[in-house]
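Contents: one structure, followed by commentary.
The values are calculated or read from the model by the stated rules, or taken from the named source; none is laboratory data. Please read these numbers as outputs of a predicted model, since none were measured by experiment. We place every Cβ from the backbone using ideal geometry, glycine too, and count neighbours over all the protein chains shown. When the accessible area is computed, the model is the full protein with side chains, heavy atoms only, and any ligands, DNA or RNA have been set aside. Shrake-Rupley method; radii C 1.70, N 1.55, O 1.52, S 1.80 Å.
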Amino acid sequence: MDQLTPDIVNAAEGLWSHVRLFAQSMLAPWRLYQLLGIVALAVLAWLAAWLTAPRLSDWLRSREGWRKWQLRLGLMVGRRLRLIFFAIFAWATVAVMRELTWPSRSQLIALAAVVSTAWLVISFLVRVISNPFLRRIVTWGAWVWVTLYFLKLLDPTSHFLESVAISFGEFRLSALTVIKALAITGLMIGGARFLSRTVTGRLANNSDISPSMRVLTAKLLQVVLFTLAVIIGLKAVGFDLTGLAVFSGAVGVGIGFGLQKVVSNLVSGVIILLDKSVKPGDVISIGDTFGWIEELGARYVSVVTRDGKEYLIPNEDLVTGQVVNWSHTNNFVRLDLKFGTSYDDDPHEVSKIAINAAMTVKRVMAQRTPVCWITGFGDSSVDYVLRFWITDSEGGLTNVRGQVFLALWDAFKKHGISIPFPQREVRLLNDAIAVADGNSVTSRPEFVTGD
């Protein structure tokens, strides 16, 4: 650090001398007038934005049928109205002044117009970076860079930042290298994310590829693109990745032992995507959870139930546990309903009536005719099972069972078929045996069971 101190001092003095010369050049009379003009243009742009913003917001709310990217673009314009108006007013002022006077009389206003336009372009380009914190860092870094570039202060500032560094043996890390690494890596990650979204959208609209293969391709593409973005970003600023590879390998082994469950879920997620055992849209039952798969994640599967709850089930549970996939090979699902009727009712008629009643429910398949069989002669009823098929298990099972039960109830009432149930009768055999104890009387009952 002692050897670097003179370099830092010299670089700082050089930067200060350039800043001082620039500040002195601003004291010329024709440039003071331009500075006042820039302030006036900024105030005028603020007033124009203040008057325009509510009208633009109301106009965007009235745009029905617009796509999301169009609405986002409108919101971005609304947030940058002051900068947009300032750039427009500055360029208009420069155009007028160059027609009326010497170009040097509008040189500073032209510089402000160029810088504001560059800031505006950067504000729109960085929207490809979805992370707000990273987007803010890249935005401010790019704004500072273009400002220093047009003010001709970029070289002395770069020299100063390069002099501010720390060394570990042969490895030297300067402030300029860190800033370049953050900016380039951020831009690379933003570009990778934009490309990943574009390709994922194209895959989602391709019906020739199965849903599980779409998810697998999108996940692999994201991993490859983001890895390349980080590697290229670090390599572009001169980082030696050999030591980083050794270090990351050692850290990876330690993380692998400490995060076995996480790694297991990640590997299980890849297995699920490859063997296509479950895919988005499948209706599954795992334990007490019944619902349809909303999303296949890298670590978990999102299952939405009929009551609106969303369960995040680890991928490992789907690979190692028992899962009922109601729509794995096809959408046909058979449901069984058990009921009983009186011994006085003809079983042949009961079966026909039950089948016809099930056919009246819309969700019951007509192509696969329901069947009704006797399963046994019970103590108080003849026992039956009614079997029918549906193709939309994602619509729920309890509701369709309830609809078939209601259809059975109405059909049995219409045809006079009774559904027996156990009854109890209580008889008092000896009325004379009673013991008066205060105000209470006890008797000896006998319970007789009958139908």
Of everything in region 22-33, what is surrounded by 12 or more Cβ atoms within 10 Å (Cβ to Cβ) and either modelled with pLDDT of 85 or more or part of a helix (DSSP H, G or I) (or both)? Give them in sequence order. 22, 30, 31, 32, 33
Going by the structure shown, is residue 206 of a type outside the set (A, V, I, L, M, F, W, C), within 24 Å of the chain's Cα centre (by Cα), more than 20 Å from residue 320 (Cβ to Cβ) and modelled with pLDDT under 75? yes
Which of the residues that make up region 268-283 are aliphatic (A, V, I, L, M) and within 15 Å of residue 294 (Cα to Cα)? 272, 273, 278, 283
Filter region 34-51 down to the residues that are free of Cβ contacts under 8 Å to residues at least 40 places away in the same chain and open to solvent by 50 Å² or more (accessible area, probe 1.4 Å) and list them by number. 36, 39, 40, 43, 46, 47, 50, 51
Quick test for you: out of 106, 116, 123, pick the one residue that is hydroxyl-bearing (Ser, Thr, Tyr), free of Cβ contacts under 8 Å to residues at least 40 places away in the same chain and crowded, with 17+ Cβ neighbours inside 10 Å. 116
Given the condition open to solvent by less than 50 Å² (accessible area, probe 1.4 Å), at pLDDT below 70 and outside any loop (DSSP other than H, G, I, E, B), answer yes or no: does some residue in region 236-243 qualify? yes
With 342, 327, 381 as the choices, which residue is in contact (Cβ under 8 Å) with a residue 40 or more places away in the chain and touching an Asp or Glu at 6+ places or on another chain (Cβ under 6 Å)? 327
Could you give me the residue pairs with C-beta distances under 6 Å whose first residue belongs to region 134-155 and is surrounded by 15 or more Cβ atoms within 10 Å (Cβ to Cβ), whose second residue is not aliphatic (A, V, I, L, M) wherever it lies, and which are 6+ apart or on separate chains? 134/186; 138/186; 143/119; 148/157; 153/18
Keeping to region 322-334, report how many residues are in a loop (DSSP other than H, G, I, E, B) and of a type outside the set (Gly, Ala, Ser). 8
With criteria (1) modelled with pLDDT under 90; (2) closer than 26 Å to residue 389 by Cβ; (3) open to solvent by 20 Å² or more (accessible area, probe 1.4 Å), residue 291 comes up short on (3)
Quick one: which of 282, 336 is open to solvent by less than 70 Å² (accessible area, probe 1.4 Å), charged (D, E, K, R) and in contact with a His (Cβ under 9 Å, 6 or more places away or on another chain)? 282
The residue that is most open to solvent (accessible area, probe 1.4 Å), considering only those in region 386-419 that are part of a helix (DSSP H, G or I) and under 14 Å from residue 355 (Cβ atoms), is 415
Looking only at region 259-295, how many residues end up being assigned to a helix (DSSP H, G or I) and of a type in the set (A, V, I, L, M, F, W, C)? 9
Given the criteria among the β-branched types (Val, Ile, Thr) and not in a helix (DSSP H, G or I), does residue 319 qualify? no
The one condition in (1) in contact with a helix residue (DSSP H, G or I) (Cβ under 7 Å, 6 or more places away or on another chain); (2) modelled with pLDDT under 75 that residue 169 fails to fulfil: (1)
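Yes/no per residue for (1) in a loop (DSSP other than H, G, I, E, B); (2) in contact (Cβ under 8 Å) with a residue 60 or more places away in the chain; (3) acidic (Asp, Glu):
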site	(1), (2), (3)
313	no, no, no
336	no, no, yes
348	no, no, no
355	no, no, no
358	no, no, no
363	yes, no, no
368	yes, no, no
375	no, no, no
Return the residue satisfying two criteria in turn: it lies in region 369-414 and is among the polar types (S, T, N, Q) and more than 29 Å from residue 327 (Cα to Cα), and of such residues it is modelled with the lowest pLDDT. 380
Determine which member of the set 320, 329 is among the hydroxyl-bearing types (Ser, Thr, Tyr), at pLDDT below 80 and open to solvent by 50 Å² or more (accessible area, probe 1.4 Å). 329
